[in-house]
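Participant: Input: one structure, supplied below.
Read the figures in this text as sums done on the coordinates, not as results from a lab. On a predicted model such as this, the values are computed, not experimentally measured, just so you know. Here the Cβ positions follow ideal geometry from the backbone for every residue, glycine too, while neighbour counts run over all protein chains shown.
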Amino acid sequence: MRKYATAVALGALSVVALSIAVFLSTSRAFAAQGGGAATKPSGPLEVKDLSADQAQAILAAAMKKAQELKINEDIAVVDAGGNLKAFIRMDNAWIGSIDISIKKAKTSRFFDMPTGELGKQSQPGGPLYMIEISNHGLITFPGGVPIRDSSDRIIGAIGASGSTVENDDTVAQAGAAAVK
């Protein structure tokens, strides 16, 4: 057992040493090629985000659509950074759909596209096949939609789950349209 632990520790040290060597050699190569010296660093990026009031309006519009469809949904809204900003579990909505709605919203924000579009590209043989196992699990079927402001900038995303993917997508689209 002690030999095994020593071998594992030496293996881990080898990986760390190799990582440092690769970093140093790439840093030197980058610096030798001018390494960004030709351009001045710009100022901080300006990120637009949705407000708490907007997030509540998005939830309200999505809930209204779910009620019109006579379905119970879990609805999540994430901000520009992909962090949960607002959430509602409608009465009698599936508990299992809580996580799905949040992951739909995050997936949509991570890739700035509707989750259904990402799903088309992640089919076997597609350019993004198996992407759903990245980022601690993504959802690649409809129901996640980016939220855009009046300047068409993405400021968050919404995810809805609890019915068919078509209904989930309809509910999410209604929510996203609340801030245009």
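Participant: Quick check: residue separation of M130 and I154 times 0.36 nm, minus the Cα distance between them. What number comes out in nm? Show your work: numbers first, answer last.
Facilitator: Numbers: separation 24, 0.36 × 24 = 8.64 nm, distance 2.52 nm.
So the extension gain works out to 6.1 nm.
Participant: Here's a follow-up. Modelled label-to-label distance, L84 and A60, 7 Å Cα→beta-carbon offset: nm?
Facilitator: In this crude spin-label approximation the distance works out to 2.3 nm.
Participant: Another one. What order do you get for R153, R148 when you list them from fewest to most C-beta neighbours inside 10 Å? Before the final figure, lay out the partial values.
Facilitator: On the way: R153 13, R148 18.
Fewest to most other Cβ atoms nearby, the residues stand as R153, R148.
Participant: Arrange V78, V171 by Cβ neighbour counts within 10 Å, fewest through most, would you? Spell out each step's value before the answer.
Facilitator: Numbers: V78 27, V171 32.
Least to most surrounded, the residues fall as V78, V171.
Participant: Then there's this: Taking R0 as 45 Å, what's the FRET efficiency between K70 and K48 from their Cβ-Cβ distance, rounded to 0.05?
Facilitator: Working: r = 35 Å, r/R0 = 0.78.
About 0.80, to the nearest 0.05.
Participant: Among I88, I139, rank each residue by its count of other Cβ atoms within 10 Å, from fewest to most, as a rough exposure measure.
Facilitator: Values: I88 18, I139 26.
Result, fewest neighbours first: I88, I139.
Participant: Quick one: of K48/K120; K40/K104; K48/K70; K40/K85, which pairs are farther than 31 Å apart, Cα to Cα? Walk me through the intermediate numbers first.
Facilitator: Numbers: K48/K120 29 Å; K40/K104 38 Å; K48/K70 34 Å; K40/K85 35 Å.
In this structure, K40/K104; K48/K70; K40/K85 lie more than 31 Å apart at Cα.
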